[in-house]
Amino acid sequence: MTRLWISASMMGALLLAACGDSEPRPSQPSVNGAETPAPPPEQALASAGWSLIASGEGVALRLEGDNDLIAAVACMRDPAALRAETDRFQPIMSEDRFTVGVGGEAYALAADLQADRAKGVEASGDIPADLLDRLAAGGEIAFNYGAQNLGPFPAISPADRDAFVAGCREAVD
């Protein structure tokens, strides 16, 4: 079985930013010389943008910001499957539920705890038809794994969104 890797080797790195970092944020000088806290990581994600990648193996949406890959979601062909991955989540050996949220609805995937990854988490499952309907309607995307959350993320451009949904529908048919 061939797998569409949404990684640096084929398409670059993928998915999101883990919440709840316990390290203090560095301070930045303000205009009046006093120190102000650095913006939280969520604000850095606001400048992120989605890009579409297609191949014979499937179609993927990739989220990047500040030259950094944040997240990815893909519809694989033969066999049809939804795949999500991120380098920003830490694997939890007792947790196999990875959730992709679209338009306020959660879709559960199974995390691959045996995946050969240097870091991060990947998951896969069936491609739900209503997920594609929510994406087509312009629903925001968010990710959850254990207590780690990413998103919701900025809207996908209509052209990329429509191409992704069409590619996913082809994979299911």
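Observations on the model:
- Restricted to segment 124-141, and to residues there that are at pLDDT below 95 and not in a helix (DSSP H, G or I), the residue that is nearest to the chain's Cα centre (by Cα) is Ile141.
- The residues listed here are Ala123, Ala159, Ala166, Ala118; of these, the one that is open to solvent by less than 10 Å² (accessible area, probe 1.4 Å), farther than 19 Å from Gly104 by Cα and not charged (D, E, K, R) is Ala123.
- The lone criterion from (1) modelled with pLDDT of 95 or more; (2) not in a strand (DSSP E or B) left unmet by Asn144 is number (2).
- Filtered residue count, segment 129-154, keeping only those that are over 11 Å from Val102 (Cα atoms) and either open to solvent by 50 Å² or more (accessible area, probe 1.4 Å) or not aliphatic (A, V, I, L, M) (or both): 8
Conditions tested, residue by residue: (1) in contact with a strand residue (DSSP E or B) (Cβ under 8 Å, 6 or more places away or on another chain); (2) closer than 15 Å to Leu63 by Cα; (3) not charged (D, E, K, R).
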| site | (1), (2), (3) |
| --- | --- |
| Met93 | no, no, yes |
| Phe98 | yes, no, yes |
| Pro128 | yes, no, yes |
| Gln148 | no, no, yes |
| Asp162 | no, no, no |
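- Candidate set from segment 37-84 (those that are buried (at least 22 other Cβ atoms within 10 Å of the Cβ) and among the β-branched types (Val, Ile, Thr)); member that is modelled with the lowest pLDDT: Ile70
The values are calculated or read from the model by the stated rules, or taken from the named source; none is laboratory data. Note that this is a predicted model, so its numbers are computed, not measured. Glycine also receives a Cβ, built like all others from the backbone with ideal geometry; neighbour counts cover every protein chain displayed. Surface accessibility is based on the protein's heavy atoms, side chains included, excluding ligands, DNA and RNA. Shrake-Rupley method; radii C 1.70, N 1.55, O 1.52, S 1.80 Å.
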